1. When you look at Gln129, is it open to solvent by 20 Å² or more (accessible area, probe 1.4 Å) and either modelled with pLDDT under 95 or farther than 16 Å from Gln15 by Cα (or both), yes or no?
2. Among the residues of the range 117-131, write down those that are in contact with a helix residue (DSSP H, G or I) (Cβ under 9 Å, 6 or more places away or on another chain) and part of a helix (DSSP H, G or I).
3. Assess whether Val9 counts as being under 19 Å from Leu112 (Cα atoms) and among the hydrophobic types (A, V, I, L, M, F, W, C).
4. Condition test on Arg138, is it touching an Asp or Glu at 6+ places or on another chain (Cβ under 6 Å), modelled with pLDDT under 95 and under 28 Å from His40 (Cα atoms)?
5. Go through (1) over 16 Å from the mean Cα position of the chain (by Cα); (2) modelled with pLDDT of 95 or more and name the single condition Ser61 misses.
6. From the set of residues in the range 110-142 that are among the hydroxyl-bearing types (Ser, Thr, Tyr) and touching a Pro at 6+ places or on another chain (Cβ under 8 Å), which is farthest from Leu69 (Cα to Cα)?
Amino acid sequence: MFSPSQQDVRRFFCQVYAKQLLGPLVDPLESLAAEWINRHPEYQPVLQNEEAALSAKFDDSTGNPFLHLSMHLSISEQCSIDQPQGIRQAVELLAAKRSDLHDAHHEVMECLGTMLWESQRSGRPPDGQAYIDSVQRRATRD
């Protein structure tokens with residue numbers, strides 16, 4: 001399994017940002033990352049300076065742009081391969097309800113974060129079905 005370090009993730013997003021300023025991206029993962037970077041212009045100043053980004057400290061009060069962008073990328077990848085099975089439909093349903101994929105992703109992030117927190121707390125594997133159920137509940141409530 002691929003396990004990038006914090007530094008790898010930060011470099012990836014900074015390099016994608018720099019590359020997209022030079023012209024079109026050809027790598028599909030980089031193109032997807034660039035889409036999420038473009039939807040978050042508030043993160044672009046951090047991405048402009050790779051050296052500063054590598055050493056920056058983020059906390060809950062300021063948010064972590066790399067965690068946020070990584071979650072967008074993870075949710076996009078989960079939907080593209082429908083893993084866990086049913087996540088694509090649940091996210092599409094939520095996006096239709098919110099009329100905006102970006103807003104839907106932010107809600108899905110809360111579900112994903114909860115699933116991961118509960119997994120770490122309990123010492124059990126992540127519960128994909130509970131994650132999907134949580135996204136579906138958000139999509140079906142008023």
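1. yes
2. Glu118, Gly128, Ala130, Tyr131
3. Considered against the rule, which asks whether it is under 19 Å from Leu112 (Cα atoms) and among the hydrophobic types (A, V, I, L, M, F, W, C), Val9 comes out as yes.
4. It is true that Arg138 is touching an Asp or Glu at 6+ places or on another chain (Cβ under 6 Å), modelled with pLDDT under 95 and under 28 Å from His40 (Cα atoms).
5. Looking at each condition in turn, Ser61 falls short on (2).
6. If we take residues in the range 110-142 being among the hydroxyl-bearing types (Ser, Thr, Tyr) and touching a Pro at 6+ places or on another chain (Cβ under 8 Å), then Ser119 is farthest from Leu69 (Cα to Cα).
The values are calculated or read from the model by the stated rules, or taken from the named source; none is laboratory data. A quick note: this is a predicted structure, and the numbers were derived from the prediction, not measured. For neighbour counting, all protein chains shown are included, and Cβ atoms are generated from backbone atoms with ideal geometry for every residue, glycine included. Keep in mind that these areas ignore ligands, DNA and RNA; they rest on the heavy atoms of the full protein, side chains included. Shrake-Rupley method; radii C 1.70, N 1.55, O 1.52, S 1.80 Å.
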